[in-house]
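Working notes, beginning with the structure itself.
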Amino acid sequence: MATGHTDPRRRERIIAAALDLVAEEGVAGVSHRKIAARARVPLGSMTYHFTGIDELLLEAFTGYADHVAAVFERHLEGAATPEEAREAVTGLIHTLSEGPRRDLILVQELYTLAARREPYRALCVRWMRRSRALLETHFPPDTARRLDALIEGLTLHRALDDDPPDRSVTREAVARITEG
């Protein structure tokens with residue numbers, strides 16, 4: 001196998017492998033050995049790059065949260081009017097709920113960790129604040145908070161529903177929260 005000097009993307013491959021493994025087996029199925037095998041790196045690379053599995057998972061989930069925040073940004077950045085912002089939120093909900101099942105699993109695994117362990121809770125709090133700040137560029141703070149909860153809930157419900165409601169139902173829910 002290549003050494004770290006000729007393998008500059010090793011750390012990123014380890015992080016990606018960790019997220020893939022979490023998506024397939026859950027956090028409980030993650031181990032240094034499994035991640036190293038999936039990333040195709042020597043087992044010693046795990047402790048060279050990370051002090052432990054918690055540091056690796058926290059960094060991996062931080063990167064994942066940044067990815068989802070970027071999806072929020074892409075949807076909301078072009079909205080210039082309240083109606084465009086409502087439509088952007090509707091599109092965001094459908095993008096998230098119709099995305100890869102892997103993403104849905106990763107979010108739920110992160111929430112489970114956050115319910116049990118402070119560093120992951122702090123990560124989720126930062127992520128929620130970032131999401132709300134983006135929403136607050138278009139809506140008042142209280143509305144943004146409610147809208148953020150709606151995005152989370154509708155995304156989960158749509159992703160798990162055998163016959164998810166169409167865009168008109170989502171659009172109406174967004175309008176009810178943001179118009180009054």
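The values are calculated or read from the model by the stated rules, or taken from the named source; none is laboratory data. Everything quoted here is computed from the prediction, not taken from an experiment. Backbone-built Cβ (ideal geometry, glycine too); neighbour counts: all protein chains shown. Heads up: the accessible areas ignore ligands, DNA and RNA and are worked out on the full protein's heavy atoms, side chains in. Shrake-Rupley method; radii C 1.70, N 1.55, O 1.52, S 1.80 Å.
Key figures
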item	result
Residue in the stretch 42-65 that is free of Cβ contacts under 8 Å to residues at least 12 places away in the same chain, of a type outside the set (Phe, Trp, Tyr) and touching a Lys or Arg at 6+ places or on another chain (Cβ under 8 Å) present	yes
Count of the stretch 123-155 residues which are touching a residue at least 12 places away in the same chain (Cβ under 8 Å) and either in contact with an Asp or Glu (Cβ under 8 Å, 6 or more places away or on another chain) or of a type in the set (Val, Ile, Thr) (or both)	10
Considering residues of the stretch 122-145 that are of a type in the set (D, E, K, R) and loosely packed, with under 15 Cβ neighbours inside 10 Å only, the residue nearest to Glu179 (Cα to Cα)	Asp142
Some residue of the stretch 149-168 being open to solvent by 90 Å² or more (accessible area, probe 1.4 Å) and touching a Ser or Thr at 6+ places or on another chain (Cβ under 7 Å)	yes
Some residue of the stretch 68-80 being in contact (Cβ under 8 Å) with a residue 24 or more places away in the chain, closer than 22 Å to Val125 by Cβ and in contact with a Phe, Trp or Tyr (Cβ under 9 Å, 6 or more places away or on another chain)	yes
Count of the stretch 50-103 residues which are open to solvent by 40 Å² or more (accessible area, probe 1.4 Å), outside any helix (DSSP H, G or I) and within 16 Å of Asp20 (Cα to Cα)	1
Count - residues of the stretch 1-38 that are small (Gly, Ala, Ser), over 17 Å from Tyr111 (Cα atoms) and surrounded by fewer than 16 Cβ atoms within 10 Å (Cβ to Cβ)	4
Given (1) in a helix (DSSP H, G or I); (2) open to solvent by less than 50 Å² (accessible area, probe 1.4 Å), number of the condition Val41 does not satisfy	(1)
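Every residue, every condition in (1) under 21 Å from Gly78 (Cβ atoms); (2) of a type in the set (Gly, Ala, Ser); (3) out of contact with any helix residue (DSSP H, G or I) (no Cβ under 7 Å at 6 or more places or on another chain); (4) outside any loop (DSSP other than H, G, I, E, B), yes or no:
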site: Val125; (1), (2), (3), (4): no, no, yes, yes
site: Ala144; (1), (2), (3), (4): yes, yes, no, yes
site: Ala149; (1), (2), (3), (4): no, yes, yes, yes
site: Ala159; (1), (2), (3), (4): no, yes, no, yes
